[in-house]
Amino acid sequence: MRKAEIIRNTRETKISLSLNLDDSTRGTIDTGSAFLDHMLDLFQVHGGFSLNIHCDGDRQVDMHHSIEDIGIVLGEALIKCLGDKKGIERYGFYFVPMDEALARVCIDFSNRIGIVWRVKLPSQTVGAENMDAHLFEHFFKSIGENARMNLHIELFYGEDNHHCLEAIFKAFARAVAMAVAPSRNVLGIPSSKGVL
Ligand SMILES: [Mn+2]
C-alpha cells in the first residue's frame with residue numbers, strides 16, 4: 001500500500017493528513033472551510049484514494065494560510081506515497097465537464113516543477129464562507145511545487161464558480177489516478193534517465 005501520514009505545525013496552521021493511494025475508503029476531511037472539504041472529498045472519491053485531513057488554521061485572518069499549507073502537505077504526501085516511482089504511468093490527463101464548465105488537467109510526476117494555471121474564474125468568491133477564489137491558484141501551486149510535478153490546469157469556459165472548481169478538482173483527481181496507476185508499457189522507473 002502506498003500511503004503517507006504527515007503532521008505539520010506552524011504558528012499559522014496545525015495540519016494532520018493521511019493519504020493512501022491504494023485504498024478508496026472515504027476519509028474524513030475537516031479543513032475549516034466546508035467548500036474546500038467538498039473539493040477535497042471530490043479529490044479522494046474521483047481519484048479512488050483515501051484522504052484524511054484535519055486543519056486547525058488561523059481562519060480569523062482568512063483561509064489563505066490554511067489552503068496554502070494543506071496544498072504543501074498534500075503535495076508532500078503524494079511524493080512520499082510514490083517513492084522512487086517504479087512501475088507507475090508517470091503521466092496523467094483528464095477532461096471533466098461539469099454542466100456548463102469544462103476543465104482539463106495534465107500532469108507529469110517528473111521531479112521538475114512547472115505549474116501552468118490558465119484559469120479565469122467567473123467570480124471572485126466561492127462557497128458559504130465567501131472564500132477568495134484566487135486562493136485555489138495558490139493551492140494547486142503548493143501541491144505542484146511540493147509534489148515536484150509538472151502540472152497544467154486549464155479552464156476552457158464556465159459560468160458558475162462552484163462548477164468550474166468542481167470540474168478542476170475532478171480532472172485533477174482523475175489525472176493523478178492515471179499517473180500513479182501501474183504502467184502497462186514501462187517496466188521499472190518510467191524515465192530513460194533511470195531516475196525521476
Ligand atoms: Mn458540488
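If we only count strands (runs of 3 or more DSSP E) wholly inside the range 34-135, which ones have 2 or more residues that are hydroxyl-bearing (S, T, Y) and within 22 Å of P182 (Cα to Cα)?
Hits in the range 34-135: 91-98.
In the range 150-193, which residues are within 16 Å of the ligand (Cβ to nearest atom) and among the hydrophobic types (A, V, I, L, M, F, W, C)?
Across the range 150-193, the qualifying residues are L155, C164, L165, A167, I168, F169, A171, F172, A173.
Across the range 147-196, what is the number of residues that are farther than 28 Å from S123 by Cβ and in a helix (DSSP H, G or I)?
Selection size over the range 147-196: 4.
Please work out which one of (1) within 16 Å of the ligand (Cβ to nearest atom); (2) buried (at least 21 other Cβ atoms within 10 Å of the Cβ) is the condition R26 fails and give its number.
Of (1) within 16 Å of the ligand (Cβ to nearest atom); (2) buried (at least 21 other Cβ atoms within 10 Å of the Cβ), only one is false for R26: (2).
Quick one: in the range 29-66, of everything that is polar (S, T, N, Q) and away from the ligand (no atom under 16 Å from the Cβ), which residue is farthest from P97 (Cα to Cα)?
That would be Q60.
Answer yes or no: is there a residue in the range 6-22 that is of a type in the set (D, E), without any contact (Cβ under 8 Å) to a residue 60 or more places away in the chain and not in a loop (DSSP other than H, G, I, E, B).
no
Quick note: the coordinates plus some simple rules give every number you see, no bench work behind them. Everything numeric in this text was worked out from a predicted model, so none of it was measured. No Cβ is skipped: glycine too gets one built from the backbone with ideal geometry, and neighbour counts run over all protein chains shown.
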